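K.L.:
Before I ask anything, here is the structure I am working with.
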Amino acid sequence: MPTITLKPYKTPELMLECYNITPDVFAGKKPEEIAELEIREGKTRVKLGDFFEASGSSGMTAAETDIHIAGDCTRVKYIGNKMTAGSITVDGNADMYVGGWMKGGKIHVKGNVHSFCGIAMEGGEILVDGNAENYVGCAYRGDWRGMRGGTIRIKGNAGNDIGTFMLGGTIIIENNAFIHVSTHAEGGTVIIKGDVQGRVGGQMVKGDIYVFGNIQYMLPGFKQVDKVEKEVDGEKATFLHYIGDLGERHPKSKGKEIYANLYVKA
Amino acid sequence: MPKLITQVGCPYCGSSCDDLEVLVSDDGKKILETHNACVIGNEIFHHVSSPSRPKKPRMRQPDGTMKEISYDEAVDFTAKTLLKSKKPLIYGFGSTNCEGMSAVARVAEKAGAVLDNCASICHGPSFLAIFDNGYPSCTLGEVKNRADVVVFWGCNPMHAHPRHTSRYSIFPRGFFTTKGQMQRTIICVDPRETDTAKLADMHLMIKQGHDYDLFDAFRTVLRGHPIPEEVAGIKREKIEEAAEAMKKARFCMIFFGMGCCHTDGRNHNIDIAISTTRDLNTYTKASIMAMRGHYNIAGPGQVWSWQFGFPYCLDLSKGTHAHMNPGETSSIDLAMRDEVDCFVNVGTDAGAHFPIAAIKHLKKHPFITVDPNICMASEISDLHIPVRVVGVEEPGVVYRMDNVPIQFKKVIDGPEGVPSDEELFDMVYKRMCELTQTEPFWILAKGHAQASTPTEH
Amino acid sequence: MAELLVKGGFVIDPTRRIDGDVMDVAIKDGKIVEKVGPGAKVIDAKGKVVMAGGVDVHAHVAGPKVNVGRLFRPEDKLFKSPNAQKNYRMEMGFSIPSTFKTGYDYARMGYSFVMEAAMPPLHSPHVHEEIHDTPIIDEAALPVFANNWFVLEYLKNGEIENSAAYVAWLITATKGYGIKLVNPGGTAAWAWGLNCLTLQDPVPYFDITPAEIITGLIKTNEYLGLPHSMHIHQNNLGNPGNYEVTLESLKLAEGYKAKNKFGREQVMHSTHIQFHSYGGDGWANFESKAKEVMDYVNTQKNITVDLGCVTLDETTTMTADGPFEHHLNGLNHLKWANVDVELETAAGVVPYVYDKDIKVCGIQWAIGLELGLYAKDPMRTFITTDHPNAGPFTRYPRIIKWLMSKKAREATLDTFKHKDKVIDATNIHGIDTERTLYEIAQMTRAGPAKALGFSRMFGGLAPGMDADVAVFDLNYKSMPSDPEKIEQAFQRASWFIKSGEIVVKNGDIASHGNKRTIWVNAKVKENPQVMRDIHEKFLKDYTVGILNYPVHDYLAPHPLVIDVDVEA
């Protein structure tokens, strides 16, 4: 696949807002044109080329375009913002909003990501080799329509607010998480391979959560109903099946209330 | 003859009492006595005549000392600094009027600044909860006239809002609560035995940091499901008893404070408190309210919401639209992540309230304080600009904790030559327009009202 | 002030029965005049339609509940806020725009005046702060009365004179304009979590019925002779089968005659009638009763109505009908805000998505338009969306398009998932009426201006009236076959002149113009009992001092005060 390589050569004084680093914008553009794209440092309008050296070639469409950021993006926000197709690889860390409002394509961050990774995501895949801060796959402030589709996989730890207001899609945290998983969720699946401190599934209406490690503080609104055998993310295990949040409203189907499910490895 | 001014508003806490009486000297220059105020309110009125109060801007000199400069010089420095910065942060507004907040917003928009207020480190999480889950609330008169069960969750009004309990929440005799305290059941949720807890009929001594779990337990009980024997350090029976009292109330009021919105989970604690309030409305009437700290800290939330659509953490740097996302555009996060390159502290003391690490980051760049008094922030600033004291020397609209607007008076004239916040920021705005060679514009043309006669002749 | 001449347009001015005549409109010193000198700036309106500035009789644009809507819906701004116009303030929000955007967008549509439809008196300083931050357009606000303790007490005892003295005091103190009723008695009941769904439900404690409140306030209004009539949001809003309560309420106006010196002829303005014209006994057999309601309105000359058309958008509902918002929250489970205001009123706010693929939403859409098409007297039927309840005011041009074009209505019907069910439950498919530009000018200009009692200033283009002149890019002689062009023309006026100043040019803001706050200064002869009652209630029951309650003059810095003197 044609690849555009961006090599960071200068650290900004503040943060860079790079809404334009997406296959959708890069498609059909030459490296010189890409270097001219506007990005923001605070209120100042600067060019992508002021901070990155662009080389290689792009495809005609987003789907045919691969972006390789050969360096660290600790101070770069909005990588893959609203992208619909194609792929992005970041060799180091990335700042906030990686894959925010993403609809399709793939993002691979080899380092850590900051908060709001996959915010209001609708489709596509995000893979983070390191840790994520808070708000993985969350909703924008005030919106009741959170993550709707796609997959986010964090190989390290994640902070709080994972999958808040989630409606669909899958989030996998391969290590530990802090607090608030699937709060207010009405769908989707969150899989935590490690431990969670607490507040798992609070105010949750529908959807599924799997926890392979310990939940230090179980919410009082969850009740164990069963013990089941399941294969989750390629691992077979026995889980205690809880339903909840019993304090929250729940829709009815054929006269029966539908609850959210929490599976904790036995 | 000294003059007694009545129904004066108090520029201290979020109770925004407007029943003070102030005795002013013959010449209208000195405050002699205040009546009805709490000790802190009283102190604010008397403090204005403190001889140590600065009456001129002071600029930091290369040798580290502060030197008095003129207001013109101060305005010029502020305007130039704001224009030059890539992303200034203008923060504060715990203690000013809405007119000042509006004037600052015009400056911030022109400067491409981030505009934030003390809620950012205070009831900010409560805003996040309101965004996500709403806010079934009421004015404080409803509490006084109707509430028969009052819950204080993570707040201690006996100390933080000294007259709250006597004016609104525990003691007053209202229209349907003619027996006052006798008619009210007070529930206090607090890990400490505060003075408010001592007054309460029921004190739930919650395990610190487990507010969310306890609310979840209340909600689960309200829906008729069993809960574990103990949640958040509280026995099941006690939770059921409290839930029953709230459910059986004619009007249940929940007040919450920092103890609830700043323990783990923050906004989610308030969010589930709001859900609980909504649940209670299935059975009876229930309302919830944030115990806002300052007399007009609800003000910027109102003014900036009608001007930009957001109450706090407004990033205006994009020029074309405002962006808000606390966690990113909130003052402490911006400071800690080195996202701003100029700091203007208005009507508050970031020096005292911010984590020291955040202040260290901010101090890498120009640091300006606008405040009537010497405070920690003013003393580490590059420039300190004193202004008049709202509610004492400057009138204006303030919003009480229940978002009721109250038109505050002034009782004496301010020191000569010292502007109000509004006047100061309008000067800064005009100077910015001069420097950028743009036309200043005001929403309202000055003085154009025309006579029209709608009646038939 | 400069002279202007709007030259050679197709003038539509129902106040003088002018329908598309090619004429000039001369402007001097903010007024329309017979003629201007040769030095006047000429605005070429050739081939375009010229109308007076629009008058909105009912919208929620300023005040506490509007601001709750703004505050608690960040998502209403996300990716939805257009870019600011250079050198003007930022414009934020879709369904509940910022004050700046509100002023700019009304001006872009050629509107001069907007009535804020519900002012909680205790919050009136807030309402006025927002009004004076709303550029260009003139505004007034209606304080709410139908759940106010004073009014309930006086009316229970049949004391119209006392009710009038209190109402006059309050309108003047809050710089309000008239008498607004929202869910009479029901909102007072809501303070205890209850409601009044019929006109006979007694209000808890006060022991008065909604019917008594409605007639009492009609009498109070005519006793005072206010410029506007009693303005009512009826009981049982939004529920299937509510049209019966609606008709019952409307009938309460029978026998009353307008008594005022402002040229107003009606005694009741029934607002957002769409929400009150529902049949069926549940959502399953929910249906339109637009015809039944409008047939009655058509026969009653002392009633005016506005439509409250559903625009099929994601919007924010907000009303002083507190119990309704609680009920709505139970239906859609989105966030819910509520404010009960001591002694006076309440308000609720809930976001709402009018989804064209939901049958009920489609029926609601049809009902609003049916009412606008069945109306026999466009001078008594006004276009609104009850902004932002049924949709944002920025959709008025779309409603005009639907009312003017059957083709446009059918095109929208065709997009519905449940088109057939909507057609079955409504009459919209069978209505061929297409409103004319003249009728649109009646429904958006001449009519509401007359109902609000300022037809001498607004709503027409006769010499002596305010120089509010809108020029739309529509050829009267050959109207476009594409209805979208109608919507576009009304969305962005070619020119809009407000109080004699050009404020919009080619759909862009050109000036902040001359904004005014209009309020009524109502005087009655001294009434010691009422003044005593007021002082006592402030002392005992309110939490704000009486001296800090009346709105200070500086908060309405450019007032246009209308004196109403009952003694005189």
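Just so it is clear, none of the values below were taken in a lab; they were calculated from the coordinates. This one's a predicted model, so the numbers in the text were calculated from it and none came from an experiment. Using ideal geometry, Cβ is built from the backbone for each residue, glycine included, and neighbour counts are taken over all protein chains shown.
K.L.:
Mind checking B:406-412 for the average number of partner chain beta-carbons within 10 Å of each residue's beta-carbon?
P.N.:
3
K.L.:
Name the lysines eligible as straight-distance cross-link partners of residue A:236: C-alpha to C-alpha under 22 Å, and not fewer than 8 places from it in the same chain.
P.N.:
Cross-link targets: A:155, A:193, A:227, A:265.
K.L.:
A further question follows. Just need log10 I(q)/I(0) for segment C:86-204 at q = 0.18, 0.21, 0.23 Å⁻¹, Debye formula, equal scatterers on the alpha-carbon atoms, no solvent, rounded to two decimals.
P.N.:
Rounded to two decimals, the profile gives -0.96, -1.12, -1.23.
K.L.:
Please report, in whole Å³, the volume per residue of the convex hull around the C-alpha atoms of the protein assembly as shown. Display every interim value, and only then the final one.
P.N.:
Numbers: hull volume 229.4 nm³, N = 1291.
Convex hull of Cα atoms, per residue: 178 Å³.
K.L.:
If you average the sequence gap of Cα pairs under 8 Å that are 6 or more apart and divide by the length of segment A:115-265, what percent do you get for the contact order?
P.N.:
Across segment A:115-265, relative contact order equals 15 percent.
K.L.:
Taking each residue of C:126-133 in turn, how many C-beta atoms of other protein chains fall within 10 Å of its C-beta, and what is the average?
P.N.:
5
K.L.:
Can I ask one more? Would you mind checking C:77/C:289; C:101/C:301; A:82/B:318; C:219/C:261; C:359/C:485; C:219/C:376 for any pair whose Cα atoms are more than 25 angstrom apart?
P.N.:
Long pairs (Cα-Cα over 25 Å): C:77/C:289; C:101/C:301; C:359/C:485; C:219/C:376.
K.L.:
Remind me, relative contact order of chain B in percent, using alpha carbon pairs under 8 angstrom and six or more residues apart?
P.N.:
23
K.L.:
I'm checking a number: the convex hull volume of the Cα atoms of segment C:223-298, normalised per residue, in Å³. What is it? Could the numbers behind the result be given before it?
P.N.:
Values: hull volume 6.2 nm³, N = 76.
That works out to 82 Å³ per residue.
K.L.:
Find, to one decimal place in angstroms, the Kirkwood hydrodynamic radius of segment C:51-509, where the mean of 1/r is taken over every pair of different Cα atoms and then inverted.
P.N.:
21.7
K.L.:
Separate question: Arranged from highest to lowest average of other beta-carbon atoms within 10 Å per residue, in what order do the peptides A:249-257, A:124-132 appear?
P.N.:
Packing proxy ranking, top to bottom: A:124-132, A:249-257.
K.L.:
What is the sum of charges around residue C:209, taking Lys and Arg as +1, Asp and Glu as -1, for the other residues whose C-beta is under 11 Å from the C-beta of residue C:209?
P.N.:
Summing Lys and Arg as +1 and Asp and Glu as -1 gives -2.
K.L.:
Next up: For A:204, C:115, C:479, what's the fewest-to-most ordering of other Cβ within 10 Å of each Cβ?
P.N.:
Going from sparsest to densest Cβ surroundings: C:479, C:115, A:204.
K.L.:
Can you give me the distance in nm between label points at residue B:35 and residue A:57, each placed 7 Å from the Cα along the Cα-to-Cβ direction?
P.N.:
Result for the modelled spin labels: 8.9 nm.
K.L.:
Hey, fewest Cβ within 10 Å first, where do C:398, C:73, A:45, B:223 land in order?
P.N.:
Fewest-to-most ranking of C:398, C:73, A:45, B:223: A:45, B:223, C:398, C:73.
K.L.:
A further question follows. Could you work out how far the C-alpha centroid of segment A:171-208 sits from that of segment C:256-280, in angstrom?
P.N.:
54
K.L.:
Pick out, in residue order, every one of the trypsin sites (Lys or Arg not before Pro) in segment B:123-184 that is DSSP loop and has at most 15 other C-beta atoms within 10 Å; say none if there are none. Mind dumping the intermediate values first?
P.N.:
On the way: sites: B:144, B:146, B:163, B:167, B:173, B:179, B:184; in loops: B:163, B:173, B:179, B:184.
Answer by residue number: B:173, B:179.
K.L.:
Taking every DSSP beta bridge that has both residues in chain B, what percent is antiparallel when rounded to the nearest 5?
P.N.:
Restricted to chain B, the bridges split so that about 40 percent are antiparallel.
K.L.:
Something else about it: Kindly provide the chymotrypsin sites (Phe, Trp or Tyr not before Pro) of segment C:467-510 that DSSP labels as loop, not H, G, I, E or B, and whose Cβ sees at most 15 other Cβ atoms within 10 Å.
P.N.:
Passing sites in segment C:467-510 do not exist.
K.L.:
What nm distance separates the two modelled labels at residue B:318 and residue C:85, each placed 7 Å from Cα along Cα→Cβ?
P.N.:
Those two pseudo-labels are separated by 2.1 nm.
K.L.:
On to the next question. Need the C-alpha centroid separation for segment C:473-528 versus segment B:234-257, integer Å.
P.N.:
Each part reduced to its Cα centre gives a spacing of 53 Å.
K.L.:
Which percent of Cα-Cα pairs in segment C:118-276 sits in each 10 Å bin, short to long?
P.N.:
Spelled out bin by bin, segment C:118-276 gives 11, 40, 37, 11, 1 percent.
K.L.:
Could you work out, residue by residue across A:220-227, how many beta carbons of other chains sit within 10 Å of that residue's beta carbon, and then give the average as an integer?
P.N.:
5
K.L.:
Can you list which of the trypsin sites (Lys or Arg not before Pro) found in segment C:441-533 are DSSP loop residues with at most 16 other C-beta atoms within 10 Å?
P.N.:
C:477, C:525
K.L.:
Remind me, relative contact order of segment C:51-509 in percent, using alpha carbon pairs under 8 angstrom and six or more residues apart?
P.N.:
Normalised by residue count, the contact order of segment C:51-509 is 18 percent.
K.L.:
From the P(r) of segment B:3-47, could you give the percentage of C-alpha pairs in the tail past 14 Å?
P.N.:
Percent of Cα pairs beyond 14 Å in segment B:3-47: 41.
K.L.:
Work out the P(r) tail for chain B: percent of alpha carbon pairs separated by more than 39 Å, whole number.
P.N.:
When all Cα pairs of chain B are counted, 27 percent exceed 39 Å.
K.L.:
Here's something else I'd like to know. Excluding residues on the same chain fewer than 8 positions from residue C:35, give the lysines whose Cα lies under 28 Å from its Cα.
P.N.:
C:7, C:46, C:48, C:450, C:477, C:498, C:505, C:515
K.L.:
Quick check on chain A: helices-only [θ] at 222 nm, where DSSP H runs of length 4 and up contribute -39,500 (n - 2.57) each and the sum goes over total residues. Nearest 500, please. Spell out each step's value before the answer.
P.N.:
Values: 2 runs with 9 residues, N = 266.
Rounded to the nearest 500, it is -500 deg cm²/dmol.
K.L.:
To continue, here is another question. For segment B:124-290, compute the orientation-averaged projected area of the C-alpha convex hull (one quarter of its surface), in nm². Mind dumping the intermediate values first?
P.N.:
Numbers: hull surface 33.6 nm².
Mean projected area for segment B:124-290: 8.4 nm², to one decimal.
K.L.:
While we're looking at this one, here's another question. Taking a quarter of the surface of the Cα convex hull of chain A, what do you get in nm²?
P.N.:
On the way: hull surface 57.7 nm².
The number I arrive at for chain A is 14.4 nm².
K.L.:
Determine the distance separating the Cα centre of segment A:18-91 from the Cα centre of segment B:34-90; give it in Å without decimals.
P.N.:
A separation of 45 Å, based on Cα centres.
K.L.:
Also, I was wondering about something else. Label-point separation (nm) for residue B:171 and residue A:47, each offset 7 Å from Cα along Cα-to-Cβ?
P.N.:
7.1
K.L.:
Hey, what's the Kirkwood Rh for segment A:115-265 if you take every pair of different alpha carbons, in angstrom?
P.N.:
Mean inverse Cα-Cα distance, inverted, gives 14.8 Å.
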